[in-house]
Every structure is written in structure tokens, then in C-alpha cells.
1. Are any of the pairs K178/K219; K206/K325; K320/K393; K23/K178; K178/K395; K421/K461 more than 18 Å apart by Cα-Cα distance, and if so, which?
2. If one computes the Cα centroid of region 214-275 and of region 121-179, what distance in Å separates the two points?
3. Translational diffusion coefficient of region 278-398 at 20 °C, 1.002 mPa s, Stokes-Einstein with Kirkwood Rh over Cα pairs, in µm²/s as a whole number.
4. With unit charges on the beta carbon (Lys/Arg positive, Asp/Glu negative), name the residue among I276, L463, T449 whose Cα is farthest towards the positive pole of the charge dipole of the chain.
5. What FRET efficiency would be calculated for the residue pair Q191, E120, taking the C-beta separation as r and a Förster radius of 25 Å, to the nearest 0.05?
6. Under a straight-distance cross-link criterion of Cα-Cα below 15 Å, which aspartates and glutamates are reachable from K27, leaving out those fewer than 8 residues away in the same chain?
7. Which FRET efficiency value, to the nearest 0.05, is calculated for F379 and E41 with the Förster distance at 41 angstrom and r the Cβ-Cβ distance?
8. What is the extension gain from K393 to S78, computed as 0.36 nm multiplied by their sequence separation minus the C-alpha to C-alpha distance, in nm to one decimal?
Amino acid sequence: MVNQEKENRFRKFFVTPDLKLAKKRGKEDVKVLQFEEIPEELRTIGRGKHYLIQTYGCQMNVHDSEVIAGILEQMGYSPTEEETQADIILINTCAVRENAEDKVFGSLGRLKQLKVEKPELILGVCGCMSQEESVVNRILRRYQHVDLIFGTHNIHRLPYLLQNALFSKEMVVEVWSKEGDVVENMPKVRQDGLRAWVNIMYGCDKFCTYCIVPYTRGKERSRRPEDVLQEVRDLARQGYQEVTLLGQNVNAYGKDFADLDYRFADLMDDVRKIGIPRVRFTTSHPRDFDDRLIEVLAKRGNLVEHIHLPVQSGSSRILKLMARKYDRESYLDLVRRIRQAIPDVVLTTDIIVGFPNETEEEFQETLSLVKEVEFDSAFTFIYSPREGTPAAKMKDNIPMEEKRDRLQRLNQLVSDISRKKNEALRGQVVEVLVEGESKKDSHVLAGRTRTNKLVHFKGPKNLIGQFVQVRIDNPKTWTLEGEWVDQQVHSQVGV
Ligand code: 5AD
Ligand code: SF4
């Protein structure tokens, strides 16, 4: 474990979160620490026992769950999909919107019965919700069957927290409000053998006024380039076909290096040279998306032509209130510059409707921006007030009914455009990385294009894990259906 662990191991396991403290951004340098081996006596704790992790939210959480699984497996636990078979259930939570939080409380309520039937079950809550004091207080008051709460900054302490939860009658709560350092070499059990997530940075300093993430994930801390590049090299060696570089705002990568002038464009250029077949990244903030990055992405090759570029709103007034630090025109200008360099780029986005006092005209500006940019798809949300954020204090006179209506109108437009974009692929042959069987029909294979579109087609199972050529015969709104044509393509070129 990390160096200060020995003393930490014995301290009291009751530290609750504080959002005000989480907001502070200290000037001190971030240290890179190494995850030290889990002590021998904790390596057998889970022998013959099973773990289950329920994950909500973004890819960052999905990847954190892979780290948590890695730690649990080093402690001897094996995975299970069955709640009734599990000896430990961890809920990795998301705090970005209220409905995500409601689902977690629903799940906790439901698991109470299981805990009654199996008192030795360890039930834990981690992730972004754990970083909120209101959530922790609610769990302490109303969900006393929970055994363990830890946050996003102290995942590496799980062996000790779990040991304590197993042997203590009290609820173990340890949430650090201030981000920790960057801990390298954490164990990981990746859920997919083809596509891997790679963290390049943690935290966010953007403080968009609606967003809780800068409070739950702490200040921006970049991983050192050599550590990221080494991880990608290892993944390439292990046969991974795709990596997605992860950060809340990847375009801020490297800003926190005091000794190094090395930014996201440099990292992409270096990752590109490793030669893993596909490289993606998410999420990028339009504000820091610079021409140097566009230049690197335009080299293409394994850098795929898909950019997720959250716009949030098409109205400059609302963008200002959101503190997004760009306006409608500069976003559109960025899109123009990207399209000039990468004409066939696929753009996707995130949009919030019903921000406090958004007028119908301002909403119309969002619709017109969506029409102008023609995103291939978009994640759309109704604004959800998050306690502790500046927007939550704004008076809001837009009724929920109106917000729902806007969301519906926006979704209609987004799906019309998606359908049109997919229709344009009819008859075209696209490269697909075959992921596995289709979820709905095991006779059908599923895979993704470079632009991350889901493709279904018939073919032998041994294509799983390979790149194949598929002709799109039946484009739908959200997926594409086609025919596997490698042999035809090969015979045409005489192979
Ligand atoms: N309400 C609604 N949507 C939100 N998002 C972030 N915070 C909120 C909120 N308070 C959305 C943004 C972001 C995506 C991950 O979630 O669109 O890009
Ligand atoms: Fe939230 Fe804005 Fe940071 Fe994205 S950039 S995580 S929306 S504060």
C-alpha cells in the first residue's frame, strides 16, 4: 500500500465528507505514489467468497469498478452476478443527476431484505455519491444495514476498510474530501478483453455551475506521460484492440505539470505511435480543444474520427450562466475547424435542457445549433439541481412539464438527424471490431465502427475479436444492420 498506509491502517474509520472542503483547490504538487502489495494476512480474507459490484454513471466509474475488482480479487474474492451468492456487494454510485441517486437508494432499500437473510453480507457504497455529505448523512440515518462507505479518492485503502468492516459492528465510513495523490499500479480486472479504459487524469477544475463532479472528484491531477504510455504499451502487448483515454476534461491534461510542457495533443501523438489499432478519448471540453490537438487527430490512422464534444446548450446566455467559458459562436467555429481538418468526423454531444430560467427562445437556439452541427447522436438531460453547486441556488421559473416537453422535442430532432446520418451509410462498407454476440439474438454478431456506431450482422463466432468489413444494408436510428463482406472484398482484390 502507499507509504503513509501503516499509520493510516490503525486510525479511526469514521471520516465523513465535506463539500466546502472539496471545493478548495490547493497549490501543493501532486505526488505520484505506488500501490504497495496487499499484506499477506489480507490476501486470503476473501478465499471461497464472492463479490458483486453494481456500477452507475460514467466510464470513469466503470473503470474504478475494474480497479475495485482488481483489489478484491487480490484479496481472494471471486466474481458473481448473483446477489444471493455474494458475500460483498459494492454499489459504485453516480451523483451527476438526481435520478441516478434515486436508483441507488432504491437498490439499498431492496438489499435490506438480503442483509436480514444473510447478516454476514458486507454491503458497501462508494463512488461519487459517497463524497456528498447529504448522502452520507441519509445513509447513516436511514440505511443502517450498510456496512461500508468509501469515496473516490481512497479506493486504494479498500483492503483495510474492508478488513475493518468485516470485524467491526459499526458502519465503516472513510471519505476523503480533499483529493489524494495519484496512485499508480493499482490492480485491475478489465471487463473486456478487446477494449480497455485508461485513465489519463483525475478530477476537474472547470466548475460548470450545474455540475457536482469538481466536488466529488477533486482537483485536476494528470498521470505522468510515461505511466500512461507504459499502460497502453502493456495493453497492446496483451492483445487489446482499442483504448479509450479517460478524464472528466481530457483537454486539460498536463496543465498541472510544473516541470513538463506536455499536453493532451502530445499524449495523443505518442499513444498513436504505440500502434494499438483504435484510440479514443472522452470527455473533451470545447474550451481547451486547441488547434494542435486537431492537427494530431487529423493524422488519423489509429486515432478514430469520432469526437464527443459536449455543448450543453446552444444559447450564449445560458452557456455563460453555466460557466462553460465558450459561447455559441466559438463552439460552432471549433466544429468548423475540426470538420475542415477531418471532413468525415462524427461528432456527438451532451445537452442539458431546462437550466434555471432557460426561455423557449434559448431552447430554440439549442435546437438550431443541433440542426446546424448535425450530431450523430447526443446524450440529453433535464437539468437536475445538485446541492452545493452555484446553479442549485438560482431561482427557476420553468415548470417541470415544460422541461419534459423540451427534452422530448430535442430527442425527436436528435433521432431524426441520427437516422439521416445512418441512412447515408446505406451500401457503404465499414470496418467493424467484432465484440461478441448481439444482446438480443445470439445468432447475430455485434461490433462497432471507428465512429463508435453499433453494427449487427451474421457471421461465424470466430470473427469475435477481429476487424471485419461489413456492408450496411439496413441502417436504423441507433444501430446499423449489414452483411459481412470480407470474402467478397478479398476476392475482388484477388486475395
Ligand atoms: N443536471 C443535468 N445534467 C447534468 N450533467 C452534469 N450535471 C448535470 C446536472 N446537474 C450532464 C452534462 C454532462 C453529462 C455527463 O451529464 O451534460 O456533460
Ligand atoms: Fe462537470 Fe463541467 Fe467538469 Fe464536465 S467540465 S465534469 S460538466 S464541471
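1. Working: K178/K219 8 Å; K206/K325 9 Å; K320/K393 16 Å; K23/K178 8 Å; K178/K395 30 Å; K421/K461 29 Å.
Those over the limit are K178/K395; K421/K461.
2. Answer, in whole Å: 29.
3. For the chosen part, D equals 141 µm²/s.
4. Most positive-ward Cα: T449.
5. Computed FRET efficiency for Q191 and E120 comes out at 0.40.
6. E179, D181, D205, E220, D256, D259
7. Using R0 = 41 Å, I get an efficiency of 0.35.
8. Working: separation 315, 0.36 × 315 = 113.40 nm, distance 4.53 nm.
Taking K393 through S78 to full extension adds about 108.9 nm, to one decimal.
Just so you know, all these numbers are worked out from the coordinates, no wet-lab data involved. Quick caveat: nothing in here was measured; it's all calculated off a predicted structure. Glycine gets a Cβ as well: all are built from the backbone with ideal geometry, and neighbour counts include every protein chain shown.
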